[in-house]
Every structure is written in structure tokens, then in C-alpha cells.
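Everything on this sheet refers to the single structure shown next.
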Amino acid sequence: MTNLHRGEVSAVLGGRRRTLVLTLGALAELESAFAATDLSALAERFGQGRFSASDLARIIGAGLRGAGEEVDDAAVLAMEIDGGLPALTRVAARLLHVTFCGDQGQATGAPEAHDPANP
């Protein structure tokens, strides 16, 4: 079971339910990948709401690795996602929201991650 207070998000990725969390190490990985000078710069970049496919793979991959999975971004790109790109974007947005804003509702408008297999 996921714990929003710890920044965890649950999603069905690659045919199975997985937990994602952006730990300090995962955030450092994203800072490096996006050449962000600090967490504020990283949050500002994500706050623009514009993501490429590789951005989504990096965010989802970092979240999976933060939760202890051994998966690289190429494997994330190859995963079948129920609900396709819109669902994957919602998962990434929810993960970023709980990481940077906590679990206090939807203050930034970040949508809940919808899992078609669990309505």
C-alpha cells in the first residue's frame, strides 16, 4: 500500500501495480538529467507542465528506482501503459505533486493518477 505522506504513488505500469517515490537520490538523479542547479529549478521546470517522452521516462524511471526497482529509462519507454500517454502523464504529474507539494489535495491542479484497472 502506498503512503502519500512519504511521497509514494501507485500505478499500473508494464502490466503490474508498482510504487513510485522520488527519494533524495531520485531527485538528485533528475537534477543531473535535467541540468537543474537545485530543487527550485527542478520544480520550476516541471511546473511548466510540458514534458517530452524522454522527460516522462526519466521521471517515472527515477520514481521506480526510488521505490527500489532495478529499471532503466529504456525499460520504462518499452512498458505498456494502460490508458496510454494521458495515463502516464497523470502518473508523472501526481508523483511530482506529492513530492513537491505533499498530499494536501490538488492545490496545484495536478490530477490524480487514474488506474483503469482499479476505477
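The values are calculated or read from the model by the stated rules, or taken from the named source; none is laboratory data. Note that the structure is a prediction, hence the values are computed from the model and not measured. Note: ideal-geometry Cβ built from the backbone for every residue, glycine included; neighbour counts use all protein chains shown. Side chains are part of the model used for accessible areas, which takes the heavy atoms of the whole protein and leaves out ligands, DNA and RNA. Shrake-Rupley method; radii C 1.70, N 1.55, O 1.52, S 1.80 Å.
Does at least one position in the stretch 1-11 carry a residue that is open to solvent by less than 20 Å² (accessible area, probe 1.4 Å), in a loop (DSSP other than H, G, I, E, B), closer than 13 Å to Leu95 by Cβ and in contact with a Ser or Thr (Cβ under 8 Å, 6 or more places away or on another chain)? Taking every residue of the stretch 1-11 in turn, at least one turns out to be open to solvent by less than 20 Å² (accessible area, probe 1.4 Å), in a loop (DSSP other than H, G, I, E, B), closer than 13 Å to Leu95 by Cβ and in contact with a Ser or Thr (Cβ under 8 Å, 6 or more places away or on another chain). Quick check on Leu95: is it under 14 Å from Ala57 (Cβ atoms) and either open to solvent by 30 Å² or more (accessible area, probe 1.4 Å) or modelled with pLDDT under 90 (or both)? Considered against the rule, which asks whether it is under 14 Å from Ala57 (Cβ atoms) and either open to solvent by 30 Å² or more (accessible area, probe 1.4 Å) or modelled with pLDDT under 90 (or both), Leu95 comes out as no. Screening Ala28 against (1) part of a helix (DSSP H, G or I); (2) open to solvent by 70 Å² or more (accessible area, probe 1.4 Å) leaves a single unmet condition, (2). Residues of the stretch 67-84 being within 15 Å of Val12 (Cβ to Cβ) and not in a loop (DSSP other than H, G, I, E, B), which ones? Residues satisfying the conditions are Val76, Gly84.
Which residues, counting only those in the stretch 31-42, are open to solvent by 40 Å² or more (accessible area, probe 1.4 Å) and either closer than 17 Å to Val71 by Cα or not polar (S, T, N, Q) (or both)? Scanning the stretch 31-42 gives Glu31, Ala33, Ala35, Asp38, Leu39. Report yes if Ala36 is outside any helix (DSSP H, G or I), over 23 Å from Val12 (Cβ atoms), modelled with pLDDT of 90 or more and of a type in the set (A, V, I, L, M, F, W, C), otherwise no. So Ala36 fits the description; yes. Kindly check whether there is at least one residue in the stretch 76-83 that is in contact with a His (Cβ under 7 Å, 6 or more places away or on another chain) and at positive phi. Yes, there is a match, as at least one residue in the stretch 76-83 is in contact with a His (Cβ under 7 Å, 6 or more places away or on another chain) and at positive phi. Evaluating Ile59 against the criteria (1) in contact (Cβ under 8 Å) with a residue 40 or more places away in the chain; (2) surrounded by 21 or more Cβ atoms within 10 Å (Cβ to Cβ); (3) among the aliphatic types (A, V, I, L, M) leaves one unmet condition, (1).
Residues in the stretch 68-90 that are touching an Asp or Glu at 6+ places or on another chain (Cβ under 9 Å), open to solvent by less than 60 Å² (accessible area, probe 1.4 Å) and at pLDDT 90 or above: Ala87 alone. Which ones in the stretch 11-49 are over 14 Å from Ile59 (Cα atoms) and among the polar types (S, T, N, Q)? Scanning the stretch 11-49 gives Thr37, Ser40, Gln48.
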